[in-house]
Amino acid sequence: MYNNMGPQPGMPMHQGIPQPGMPMHPAIPQPSPSEYVQSNISRYFSDPQYYFQVNDQYVRNKLKIVLFPFLHRGHWTRISEPVGGRLSYKPPIYDINAPDLYIPLMAFGTYVVLAGLSLGLYGKFSPEALNWLFVKGMVGWFLQVMLLKISLLSLGSGEAPLLDIVAYAGYTFTGLCLAVLGKIIWGYSYYVLIPWTCLCTGVFLVKTMKRVLFAEARSYDSSRHHYLLIFVALAQFPLLIWLGNISVNWLF
Amino acid sequence: MTKDFAVPPVVFPTGGSSGGANVQQRRFSAIPFQQPPPQSSSQIPFLSFNMGSAAASSATTAGPFGGTIASSSSFGGGGGGSPSFEDEEPLLDELGIHPDQIWKKTRSILNPFRINQTVHKDSDLSGPIFLYLALCLFQLLAGKIQFGVILGWIVVSSIFLYVVFNMLAGRNGNLNLHTCTSLVGYCLLPVVVLSAVSLFVPQGAGPVKYVLAGVFVLWSTRACSTLVVSLADGGEEHRGLIAYACFLIYTLFSLLVIF
């Protein structure tokens, strides 16, 4: 991985006493660090590189969609293109509806930082508390992924890529960051922002999952689909209220 | 135990060359503590008590090997057969710590408006360790013992930046973890300054601390994102995205300082 394998300069070479000597490897072409990261991650997930092809403009527009989904005038389906005989989706740069992993990762980080800030403003900050907030956020993300995955599975199709679901689940942290920011700036705005965030996240997830279900489900059972989507939207309320309630005691 | 002085043996002018050689030989055999001839200077001086019998033989054999065989029988200072004490590298060089390079790199970040990127081409970790210890010291002066916390956060945030940069940069991203940690560590300098300054800010001045922290965090972010983008390929069109990741990292450290 690094280029500094091998005997370090300055180490005294032992003479006289027979030693096997440093094993000198033949010049193995080292993979570049980004290939190393990707080859290790892609063993378990589908090509994560796809989810990071973003640029500034995509990030701005996607944030607008996630935070104000009812203002989105366009369609919600992902654009697919034939690649090598199979149908695959266009990367996020070309398609505003494609999921990406940059925004969820950054939103999660922002949530942890803002939660730490709000803890500090109430005088309860400590590094251990921040670690617990990180764990809480991870659990919340996991629960959201489980929710989406189970709703997909119960309709008989679980073939959506795992990282897609992880990305969709991670978008809830953007609204959550907004709510926590509002709480920091003015305490009472929290009680307005949390229902707003829950609503927006619910609408976003419903519209997205509807397309995913449409693309992936083997049988189109209309009423079950709709009940499940309503359930997903309603489940956002307790989840986001739990995540938004920032206190030292991380369980509630 | 006796220090070696470069004293040439005394040669009496009378007696000519043969007399001088005789005198030398007599000196050689009579006084076992005599300084060995210069070509076998690889022997460790304070072992010369052992050289009384072996000095003549070791002077003729190849220097390092003879010295090894003779000195391995007695406890030797340093590795047997290694260069003598004067020829050993200075300790700092051997450890890979170059204070002048560390100072140059630190000074390049001190100017918030123009950052000299060429000095950061060789990454090293001793500067970041020094800055980490300085940050821990200032935190200690503020009454917070956070040695492990800061070290852990530096490691985690450099892994975070490494993953984010390489994923964003795509196929041609070549930031390696050593460089990444080195840059994150060096750009911790403004946070160190913040912790030093916040020792003197009076207790009740909340907003002043936040504004101060904001300024230093922005300085850190600017330094780190400029250096990362200029030192590794593939980051030019993702400047803002990488800058936001750096901003998150340094805000986290500033939280430690202000609360």
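The values are calculated or read from the model by the stated rules, or taken from the named source; none is laboratory data. Not measured: the values here are computed from a predicted model. Positions of Cβ are backbone-derived with ideal geometry, glycine not excepted, and every protein chain shown enters the neighbour counts. Just so you know, the surface numbers come from the protein's heavy atoms only, side chains and all, with ligands and any DNA or RNA stripped out. Shrake-Rupley method; radii C 1.70, N 1.55, O 1.52, S 1.80 Å.
Which ones in the stretch B:165-176 are at the interface with another protein chain (Cβ under 7 Å from one of its Cβ atoms), assigned to a helix (DSSP H, G or I) and under 29 Å from the mean Cα position of the chain (by Cα)? Passing the criteria: only B:ASN166. Within the stretch A:76-131, count every residue that is within 19 Å of the chain's Cα centre (by Cα), in a helix (DSSP H, G or I) and in contact (Cβ under 8 Å) with a residue 40 or more places away in the chain. Count: 10.
Step by step: first the residues of the stretch B:114-152, then only those that are in a loop (DSSP other than H, G, I, E, B) and farther than 18 Å from B:LEU231 by Cα, then the one that is most open to solvent (accessible area, probe 1.4 Å). Which residue is that? I'd like the intermediate steps shown before the answer.
Keep residues of the stretch B:114-152 that are in a loop (DSSP other than H, G, I, E, B), which gives B:114-117, B:121-125, B:142-146.
Narrowing the set further to residues that are farther than 18 Å from B:LEU231 by Cα leaves B:142-146.
Values: B:ALA142: 51, B:GLY143: 62, B:LYS144: 43, B:ILE145: 136, B:GLN146: 18 Å².
For the stretch B:114-152, the residue satisfying everything is B:ILE145.
If you take the residues of the stretch B:217-259 that are charged (D, E, K, R) and more than 28 Å from B:SER198 (Cα to Cα), which of them is nearest to the other protein chains (Cβ to nearest Cβ)? Here the answer is B:GLU237.
Checking every residue in the stretch A:78-97 against the condition of being under 30 Å from B:LEU252 (Cα atoms), at pLDDT below 95 and either surrounded by fewer than 19 Cβ atoms within 10 Å (Cβ to Cβ) or among the hydroxyl-bearing types (Ser, Thr, Tyr) (or both) gives at least one match. The set of residues in the stretch A:219-243 that are farther than 19 Å from A:TRP196 by Cβ and at pLDDT 90 or above contains only A:PHE231.
When the helices (runs of 4 or more DSSP H) confined to the stretch A:167-252 are screened for residues that are in contact (Cβ under 8 Å) with a residue 40 or more places away in the chain and either of a type in the set (Ser, Thr, Tyr) or in contact with a strand residue (DSSP E or B) (Cβ under 6 Å, 6 or more places away or on another chain) (or both), those reaching at least 1 such residues are found at A:172-185, A:190-216.
Across the stretch A:144-162, which residue is farthest from the chain's Cα centre (by Cα) among those that are in contact (Cβ under 8 Å) with a residue 60 or more places away in the chain and buried (at least 16 other Cβ atoms within 10 Å of the Cβ)?
Taking the stretch A:144-162 as the starting set, the residues that turn out to be in contact (Cβ under 8 Å) with a residue 60 or more places away in the chain are A:144, A:147-148, A:151-152, A:154-157, A:161-162.
From what is left, the residues that are buried (at least 16 other Cβ atoms within 10 Å of the Cβ) are A:144, A:147-148, A:151-152, A:155.
Values: A:GLN144: 11, A:LEU147: 15, A:LEU148: 13, A:SER151: 18, A:LEU152: 18, A:LEU155: 23 Å.
Here the answer is A:LEU155.
Among the residues making up the stretch A:103-147, those that are small (Gly, Ala, Ser) and more than 13 Å from every other protein chain (Cβ to nearest Cβ) are A:GLY137, A:GLY140.
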